[in-house]
Every structure is written in structure tokens, then in C-alpha cells.
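The values are calculated or read from the model by the stated rules, or taken from the named source; none is laboratory data. Remember, it's a predicted structure, so these values are computed and weren't measured experimentally. Positions of Cβ are generated from backbone atoms using ideal geometry, with glycine treated the same way; all protein chains shown enter the neighbour counts.
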Amino acid sequence: MTRILIIKLGALGDFFLSFGPFAAIRAAHGEAEITLLTTAHLAQLAEDAPWFDRIEIDRRAPWWDLRQIRRLLGQLRGFDFVYDLQTSGRTAVYFRLAGHPPWSGTVRGASHPHANPERNRMHSFERQREQLRAAGIRYFPAPELGWIAGRKCRFDLPRPYALLVPGAAAHRPAKRWPDEHFAALARHLAAGGLGPVLIGAEPEQALGRTIRAMAPETTDLIGKSTLADLGPIAAGAALAVGNDTGPMHLAALLGIPSLVLFSAASDPALTAPRGPGGEIVAVLAARDLADLPVERVVAALSSLHRPTSHPENARPCLPSAFPTDPSAVSTGL
């Protein structure tokens, strides 16, 4: 049996952006045994996905830890082909540790290199597709998402509701729209008949407490929901608003009308979430997100296309009315 290895480490948003490549690799190697090498925090999500037969955890051990490097050697050897979707300096070393197998990536000596000198100026969606084309893959099916969107939601949520994602990587605070702005937006949504629902990771719980103190209508799930919960919560939303962070990638991928807020800390041309067909989602950018007024966000939301149906197995949560007059916003600032 042909043995295929896919390497994808890193952040949650990057992982969601790789759903299309995962589906394409599985379609191209239907009878192969496909192993994913990923990091621990993504392992359960990967286990649930339909594209992999085995999951290996990369502990990203320091190079001086010889015991762990020997373990890594065992994880990298014995494959007939490797798709390096991480293409980092670390995975370039993995190419050598693996014994130079047939390899799709950017490392010197790769049998199927992605050699486009403009690759670092390409969005991940186009960059990964071009890399796979260089490896001979031509068919890119839409990734099947019922496994993540069709779960039963564990929470009693208001109907309809808007998903708000106020967090971002802790080491990149410049990527966060201010808490008080999210609270003002939550009040506005609630006044228009959309229940605001917050999601985020456990270290972001202070954000939820702050926003809910200013907007008591808010349902705060920050730190209470898991990655497994994220699919049904996102799939049931009427719309999603948030910073450039992982959950917004899933909402966009599920076809939920999404507005993503960008500061100068990241470039939407390279990392913005994409819709189910690769379409660009709505983006608002400001050099400093503190300077992005709530009124502009409300105006942008009023122009979002709201579909007549939700992803398969997701309950409909479309608003019957949505206020579109930015002058009606009370910021409380």
C-alpha cells in the first residue's frame, strides 16, 4: 500500500485554510494510507476529519533532545511521498531527517518543488493549490464539512444569533479590536434581534467578562466551548464578526456571512479567511484597530450577503430584521 505523509503544524486558522489541500490529496490518493503529522492542539480535530488514516503528533522538540529526535525520525521515515504544507525552516530539516523521500515543498532537493519566487506574496489558498499542482494534483474538490458542521450543539443559544470572535493570539494584541467596541456592537445586534454569542479560548475569558459586563444580552462561551463545539456553533450563526483568528476561518469556510477585522499586524491579502469556494470574505482594515469605529463595522455588516440557507445539518438562524442605520449605534465610549 502506498504511504503518504502530510505535514501541517501551526495555528488553527492555517489548519482550516488547509482543508482544501487535505481533500485534494485524499482524492488524488484514494487507496493510500495517509498520515498527518501535526501538533497536539490540532490532533482531535484531525482525528475527526475524513482525510487521514493516522495522526502523528509532532512535539517540536529542541534539536538537542536526542531522544525526541529519534522518535521524530521514526515518524518521518518509510513514506512513499511527503506533502510538506508547512514549508518552514524546521520542516526543511525534516526532509533531511526523512532521508530525502519524494517531497512536495520548498526545500532544496525536493522532487516536486514549489519554486514560484512570488509564493511568499501569495495567499495561502492560491499558494497551496499551486504547490499541489506542481506535485501533479489537478482535482480540487470542495472539502466535505458535515463532520464538523453537523454535530449537535451542546449549548442553548438564542435564535437567531451572531457569532463574535474578540480574541486573537495572545502575543499579537495589535490584532484585537477593542473590547468596548465589541460590546457596543453586541448591544446593537441585540437591539436588532440578533443574540450576540462570544467564542474564544480559555485564556481569553477576561475578554468575555468585560464585554458581557457592558452588554448583558451577550451569551459568553469563551473558555466553555471546545474545538469540537466550534463547528456547530459557527454553522448555526446568521453572521460572524471577529479579528483575524482561527474561528473566523471556519465560519467563512462554512459559508457563514463573515466580516473580519484586520490591523497592520497582518495582511488580508495573504491570510484573510476564504469562503467554501475560495471566495474572499468581507474585510475591514485599519492600521490600528482602536481607530476602527463601531459605525463602520455596522455599515459593513448591513451590506453582507445573507444566504437563504445554511450549511447542511445546521439549523437556520437568519435574522428577520437587522438594523442597517449606523447612526443608531450607541457606542457607550
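For region 208-239, which residues satisfy the criterion of being in a helix (DSSP H, G or I) and more than 24 Å from residue 44 (Cβ to Cβ)? Passing the criteria: 209, 210, 211, 212, 213, 214. Of everything in region 168-193 that is outside any helix (DSSP H, G or I) and in contact with a helix residue (DSSP H, G or I) (Cβ under 9 Å, 6 or more places away or on another chain), the residue that is farthest from residue 248 (Cα to Cα) is 192. Taking region 128-158 as the range and being assigned to a loop (DSSP other than H, G, I, E, B) and surrounded by 15 or more Cβ atoms within 10 Å (Cβ to Cβ) as the test, the residues that pass are 135, 137, 140, 143, 144, 145, 151, 153, 157, 158. Condition check for residue 107 on (1) of a type outside the set (Lys, Arg); (2) closer than 21 Å to residue 258 by Cα; (3) in a loop (DSSP other than H, G, I, E, B); (4) modelled with pLDDT of 95 or more: one failure, at (2).
Condition (residue is more than 18 Å from residue 12 (Cβ to Cβ) and in contact with a Lys or Arg (Cβ under 9 Å, 6 or more places away or on another chain)) applied to region 246-259: is it met by at least one residue?
yes
The set of residues in region 193-203 that are in contact with a strand residue (DSSP E or B) (Cβ under 9 Å, 6 or more places away or on another chain) and surrounded by fewer than 24 Cβ atoms within 10 Å (Cβ to Cβ) contains only 195.
Just one of the listed residues (297, 260) is crowded, with 24+ Cβ neighbours inside 10 Å, out of contact with any Cys (no Cβ under 8 Å at 6 or more places or on another chain) and either touching a residue at least 40 places away in the same chain (Cβ under 8 Å) or assigned by TED's automatic domain parsing to the domain that holds residue 180 (or both), namely 260.
Go through the residues of region 92-106 one by one and say whether even a single one is surrounded by 16 or more Cβ atoms within 10 Å (Cβ to Cβ), of a type in the set (Val, Ile, Thr), in contact with a Lys or Arg (Cβ under 8 Å, 6 or more places away or on another chain) and more than 22 Å from residue 31 (Cβ to Cβ). Within region 92-106, one or more residues are surrounded by 16 or more Cβ atoms within 10 Å (Cβ to Cβ), of a type in the set (Val, Ile, Thr), in contact with a Lys or Arg (Cβ under 8 Å, 6 or more places away or on another chain) and more than 22 Å from residue 31 (Cβ to Cβ).
For residue 203, the conditions (1) touching a helix residue (DSSP H, G or I) at 6+ places or on another chain (Cβ under 9 Å); (2) touching a residue at least 24 places away in the same chain (Cβ under 8 Å) are fulfilled apart from (1).
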